[in-house]
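The values are calculated or read from the model by the stated rules, or taken from the named source; none is laboratory data. Quick caveat: nothing in here was measured; it's all calculated off a predicted structure. Glycine also receives a Cβ, built like all others from the backbone with ideal geometry; neighbour counts cover every protein chain displayed.
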Amino acid sequence: MENVRYPIGKFEMVDDIRDDVLEKWIRDIELLPRTLQEVTKNLTEEQLRTPYRSGGWTIKQVIHHLADSHMNAYIRLKLALTEDSPVVKTYDENKWSVQKDYEMSIQSSFAIIDGTHSRWCYLLRHLSSSDFNKTFHHPDLGKTTILSNVGMYAWHGRHHLAHITNLLKQKGWL
C-alpha cells in the first residue's frame, strides 16, 4: 500500500544542494505540464474518474489538486521574496478535492498549471543564490527555505504523475 501511496518514495531534503540538482528540480517543474497533458490526452471521462488507489483521488482530482497546490507554492515563493519570513496559510486539500470545481474539465487546470509553471520557472531561473535562502513559515512544516520548497514541489509533481502513470499501466491504458 505504501508503494501505491508513495510510488517514488517520500520527499527527503538533502543538505548539500548543487547547482545541477537545483536545475534538475526546476526542469522537473517546467516539464510537468506537458508531461501531464501527454499522458492524459486520450483518457475518457470514465477513466479520469478512476481512483489511482482504493480510497485515493481520481485522476481528475489529482490534476485539479496539482493546479491548486502549485498555485499555492508559487504564491508562497512570491511572499518569501517580498516579505520577511511570512507565515503562509495552509488549506485542507481533501476538502478542496470535493468542491464543485473539481468536476470541471481537466483543461481548466491545465491552463492554470501551464501559466503557473511558466512564471514559476522563469522567476526561479532569475533568483540570486541568496534568494533561495529566503524563508516562509508554514504552520505544519515550520521555517521553510525557497530552495527546499523547490525540491519538495519538484518531488510533488513527479509523485502525482507516478500515481497517474502507474494506474494507466495497471489498467493497460498507457
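The table below gives the values:
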read-out: Residue in the range 101-117 that is more than 24 Å from residue 27 (Cβ to Cβ) and among the hydrophobic types (A, V, I, L, M, F, W, C) present; value: yes
read-out: For residue 146: the one exception among (1) more than 14 Å from the chain's Cα centre (by Cα); (2) closer than 23 Å to residue 34 by Cβ; (3) surrounded by 12 or more Cβ atoms within 10 Å (Cβ to Cβ); value: (2)
read-out: Residue identified as on the phi > 0 side of the Ramachandran plot, modelled with pLDDT of 95 or more and surrounded by fewer than 16 Cβ atoms within 10 Å (Cβ to Cβ) among 105, 118, 85; value: 85
read-out: Selection count, the range 12-43, where residues are at pLDDT below 95 and assigned to a loop (DSSP other than H, G, I, E, B); value: 7
read-out: The range 121-143 - residue that is touching a strand residue (DSSP E or B) at 6+ places or on another chain (Cβ under 9 Å) and of a type in the set (D, E, K, R) and, of those, surrounded by the most Cβ atoms within 10 Å (Cβ to Cβ); value: 134
read-out: Whichever residue in the range 45-76 is without any contact (Cβ under 8 Å) to a residue 60 or more places away in the chain and of a type in the set (Lys, Arg) and, among such residues, is farthest from residue 124 (Cα to Cα); value: 49
read-out: Among the residues listed as 47, 107, the single one being of a type in the set (S, T, N, Q), in contact with a Phe, Trp or Tyr (Cβ under 7 Å, 6 or more places away or on another chain) and within 27 Å of residue 174 (Cα to Cα); value: 47
read-out: Residue count, the range 73-111 (criterion: farther than 30 Å from residue 46 by Cβ, in a helix (DSSP H, G or I) and either touching a His at 6+ places or on another chain (Cβ under 9 Å) or of a type in the set (Lys, Arg) (or both)); value: 4
read-out: Some residue of the range 55-67 being among the basic types (Lys, Arg) and either assigned to a loop (DSSP other than H, G, I, E, B) or loosely packed, with under 15 Cβ neighbours inside 10 Å (or both); value: no
read-out: Residue under evaluation residue 70, criteria (1) crowded, with 19+ Cβ neighbours inside 10 Å; (2) not in a helix (DSSP H, G or I), criterion not met; value: (2)
read-out: Pairs, first under 19 Å from residue 68 (Cβ atoms) and assigned to a helix (DSSP H, G or I) in the range 112-133, second acidic (Asp, Glu) and at pLDDT 95 or above, C-beta under 9 Å, six or more apart; value: 112/68; 117/30; 118/30; 120/30; 121/30
read-out: Yes/no for residue 125 being in contact with a helix residue (DSSP H, G or I) (Cβ under 7 Å, 6 or more places away or on another chain) and farther than 24 Å from residue 174 by Cβ; value: yes
